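Structure first, commentary second.
The values are calculated or read from the model by the stated rules, or taken from the named source; none is laboratory data. Bear in mind the structure is a predicted one, so any value in this text is a computation, not a measurement. Every residue, glycine among them, receives a Cβ derived from its backbone with ideal geometry; neighbour counts consider all protein chains shown.
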Amino acid sequence: MEKKKVLIGVIVLVIILVAIILGVIIMQNNEKEKVKDLITEYFSLVNDKNYDELYSKVASMNTSKDDFVSRNKNIYEGIDCTNIEINIKTVEKADKGYNVTYNEKFFTSAGEVEFENTANVVKEDKELKLKWDSHIIFPQLNDDEKVRVSTIKAKRGSILDRNDIALAEDGNISSVGIVPGKLGENRDESISKISELTGVSADYINELLNASYVKDDTFVAIKKIVDSNQELKDELLTIPGVMINKEDGRVYSLGKEASHLIGYVQPISSEELKENEGKGYTTNSLIGKTGLELTYEDTLRGIDGTDIYIVDENENRVATIAKQDKKDGQDVKLTIDSNLQKQVYDQMQNDKGLFVIMEPKTGELLALVSTPSFDSNDFVVGLTTDKWNELNNDENRPLFNRFTQKYCPGSTFKPITGAIGLTTGKINESEDFGYRGTSWQKDSSWGNYHITTLTDYSGPKNLLNAIMYSDNIYFAQTALKIGAESFASSLDKIGFNQSIDFPLTLSKSQYANDNGTKIEGETKLADSGYGQGSILVNPIHIASIYSAFANDGNMIKPRIEYDESKNGEILIENAFSKEASDIIESDLIQVVENGTATDMKIDGLTIAGKTGTAELKTSQEDTESGTLGWFNCYTINRQGGDLLIVSMVENVQDNTDGGSHYLIKKIKNLL
């Protein structure tokens, strides 16, 4: 009995000991997890640049909070540290806490950095704290050493026109500043004048001048301006205290003339920096914001040469952290002719409209103009709030890129309906539809709805006369003959409801609302035949469609990147039959020779063209909505190369010339 009691006591004692040991192990494991959490949270705070909170995670030390925050901030942000990743390998119990081994990886301005490091975690006031010194930042960094960053600036590639003229390049901009000690007695008057000329408020200028670091001989930068604006620079330099220094900057030789096409660069935003982690961008990088500067960003941008290293108190290099060689950006050469681009802009600068000029055999785009416009250079040097509000609130929408949008084409769509009718065999060129007058409806089921046309011309109601005299009734009937399903599928075949492979995003052409694939109702189908209804076209797309009339029915692919071979690429083969395209081309020539565009005739030059007026009515009773004027044309066997031109001007309802004829005057000036 006595032995049994002893045995039971031993078993109980063993159980108690095991429980104690297990309890200790569990406590240690729980504490190890807390150590891991501390390390993870610490570097998460570094990622968030929350250096004040970071200080609360470290054990007591001789370094003050201000010095701690300053050292961490200066080093991490000086090297553009982002996206720190920590992988904890081991947590071992030590005499006064825990030793932690971990892998650390992050991106810098010199590329990716990765290393193994160790840290010591101790208990202070019953709370786990990181025992901090400079080794936590880099294992080879001592407290008396510094981290240096040396940068060699890379060149951004230029955007060139077809003749190697720079449309965008790295060059000089001017920095306007004030030396306070030289403002003289009339300080307020001078500041007021500077404010007036630069658009920078006098209050903001005074705020800059009153900064604690400013001395009498300090150059205080106020505003960047375009270096070529000599008149403004000369006027500013008449004011006492003003100095103008040159700085590196992006320069656009065609400012307003090509801004919607070329776009502009600006300093990278924090969101863009995060989106492009690991690509070599830094907080000081410029990045393409709009236009081709954005599209070709990966090609154009240069990667700065960067050397991150540690120096001792005597500025001797003791270790290299990361090094990246400089890589200049590549140039992009365009098919654009800068001289033609400028001429077109000069013709259209006071209008709301667009021009697309393309070589019809190769698809090379020679000019893309949207007016009114803005100056890309203004965005590089920095817009004042007033200037931005002026641009943004302008009812003429200078920031709106018209050649990337879609519009009702009006009568310029009639040749397309005709080509579809011929290709599908639903019409033939000689058939006389036989109606009379300027108003028509299919039957009484249409109620009060009638198709109207402007000219009651004599002669047969056939394809040639309908194109020459721009007969709405003929093309309404043609659409009905083709049928809604066949008409829609034919439009799909030539690129409607589809994206075009192009460096800028172009709106998809459509024949039904919301890019639908069904034309609803007979009257909507009839209206679609002459370019109304729900028909909307992108100007670059319709240029490609018109190219089929010059290329045996094959649509050429529009392109803007220059190719020495100049060989055209077919976008859609057999968009129309060769017979149909030949007939339409012949009829378009007659539009200029004897039809609605005789004012486009030029001696010695054969031109195929089509006038168009697009009414933006919401109903037949609508008299308030505006009208678009169109003229599309192309030259045939022109010396020096053929041109295919798509042009549009808005709000022509009150124009005495009419929209098409207003544009014809401008096109004749170009040709």
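Looking only at residues of region 347-402 that are aromatic (Phe, Trp, Tyr) and touching a residue at least 24 places away in the same chain (Cβ under 8 Å), we find that the one that is farthest from Arg250 (Cα to Cα) is Phe355.
The combined condition, being of a type in the set (Val, Ile, Thr) and over 22 Å from Asn551 (Cα atoms), is not fulfilled by Thr423. Given the structure, is Ser581 assigned to a helix (DSSP H, G or I), in the same structural domain as Phe413 (by TED's automatic domain parsing) and touching an Asp or Glu at 6+ places or on another chain (Cβ under 7 Å)? Considered against the rule, which asks whether it is assigned to a helix (DSSP H, G or I), in the same structural domain as Phe413 (by TED's automatic domain parsing) and touching an Asp or Glu at 6+ places or on another chain (Cβ under 7 Å), Ser581 comes out as yes. Residue pairs whose Cβ atoms lie under 8 Å apart, separated by 6 or more positions or on different chains, with the first residue in region 634-652 and more than 15 Å from Leu671 (Cβ to Cβ) and the second of a type in the set (Ser, Thr, Tyr) and assigned to a loop (DSSP other than H, G, I, E, B), do not occur. The combined condition, being surrounded by 19 or more Cβ atoms within 10 Å (Cβ to Cβ), aliphatic (A, V, I, L, M), out of contact with any Lys or Arg (no Cβ under 8 Å at 6 or more places or on another chain) and under 21 Å from Ile336 (Cα atoms), is fulfilled by Ile545. Meeting the requirement of 2 or more residues that are of a type in the set (D, E, K, R) and within 22 Å of Glu257 (Cβ to Cβ), the helices (runs of 4 or more DSSP H) wholly within region 350-459 are 385-393.
Does Thr108 satisfy the criteria of being farther than 30 Å from Glu313 by Cα and among the hydroxyl-bearing types (Ser, Thr, Tyr)?
no
Gly434 - would you say it is at pLDDT 95 or above and surrounded by fewer than 22 Cβ atoms within 10 Å (Cβ to Cβ)? No: the conditions fail for Gly434. Taking the criterion of being in contact (Cβ under 8 Å) with a residue 60 or more places away in the chain and either of a type in the set (Lys, Arg) or over 18 Å from Ala484 (Cβ atoms) (or both), the residues of region 418-448 that qualify are Leu422, Lys426, Glu429, Lys442.
Across region 232-247, not a single residue is classified as under 30 Å from Leu365 (Cα atoms), surrounded by 13 or more Cβ atoms within 10 Å (Cβ to Cβ) and touching a residue at least 60 places away in the same chain (Cβ under 8 Å). Please indicate, with yes or no, whether at least one residue in region 451-470 is among the polar types (S, T, N, Q), more than 42 Å from the chain's Cα centre (by Cα) and modelled with pLDDT of 95 or more. Yes: one or more hits.
Where in region 269-338 are the strands (runs of 3 or more DSSP E), entirely inside, with at least 3 residues that are within 26 Å of Lys256 (Cα to Cα) and either touching a Ser or Thr at 6+ places or on another chain (Cβ under 7 Å) or not hydroxyl-bearing (Ser, Thr, Tyr) (or both)?
Ranges flagged: 286-288.
Given the criteria hydroxyl-bearing (Ser, Thr, Tyr), without any contact (Cβ under 8 Å) to a residue 24 or more places away in the chain and assigned to a helix (DSSP H, G or I), does Ser499 qualify? Spelling it out, it is not the case that Ser499 is hydroxyl-bearing (Ser, Thr, Tyr), without any contact (Cβ under 8 Å) to a residue 24 or more places away in the chain and assigned to a helix (DSSP H, G or I).
Taking region 118-166 as the search range and keeping residues that are among the basic types (Lys, Arg) and part of a loop (DSSP other than H, G, I, E, B), which one is nearest to Asp337 (Cα to Cα)? Filtering first and then ranking leaves Arg162.
Is it the case that region 466-481 has a residue that's over 29 Å from Asn513 (Cβ atoms) and either small (Gly, Ala, Ser) or surrounded by 13 or more Cβ atoms within 10 Å (Cβ to Cβ) (or both)?
yes
Considering only region 98-117, I want to know if a residue exists there that is touching a residue at least 12 places away in the same chain (Cβ under 8 Å), in a loop (DSSP other than H, G, I, E, B), surrounded by 13 or more Cβ atoms within 10 Å (Cβ to Cβ) and of a type in the set (Asp, Glu). No, because not a single residue in region 98-117 is touching a residue at least 12 places away in the same chain (Cβ under 8 Å), in a loop (DSSP other than H, G, I, E, B), surrounded by 13 or more Cβ atoms within 10 Å (Cβ to Cβ) and of a type in the set (Asp, Glu). Taking the options Glu104, Glu145, Glu92, name whichever one is within 41 Å of the chain's Cα centre (by Cα) and of a type in the set (D, E, K, R). After applying the criteria, what remains is Glu104. When region 75-97 is examined, which residues are found to be free of Cβ contacts under 8 Å to residues at least 40 places away in the same chain and of a type in the set (S, T, N, Q)? Those that are free of Cβ contacts under 8 Å to residues at least 40 places away in the same chain and of a type in the set (S, T, N, Q): Asn87, Thr90. Within region 249-269, is there a residue that is surrounded by fewer than 17 Cβ atoms within 10 Å (Cβ to Cβ), closer than 18 Å to Asn172 by Cβ, over 16 Å from the mean Cα position of the chain (by Cα) and not polar (S, T, N, Q)? No, region 249-269 contains no residue that is surrounded by fewer than 17 Cβ atoms within 10 Å (Cβ to Cβ), closer than 18 Å to Asn172 by Cβ, over 16 Å from the mean Cα position of the chain (by Cα) and not polar (S, T, N, Q). Residues in region 497-545 that are in contact with a strand residue (DSSP E or B) (Cβ under 6 Å, 6 or more places away or on another chain) and aromatic (Phe, Trp, Tyr): 0 in all.
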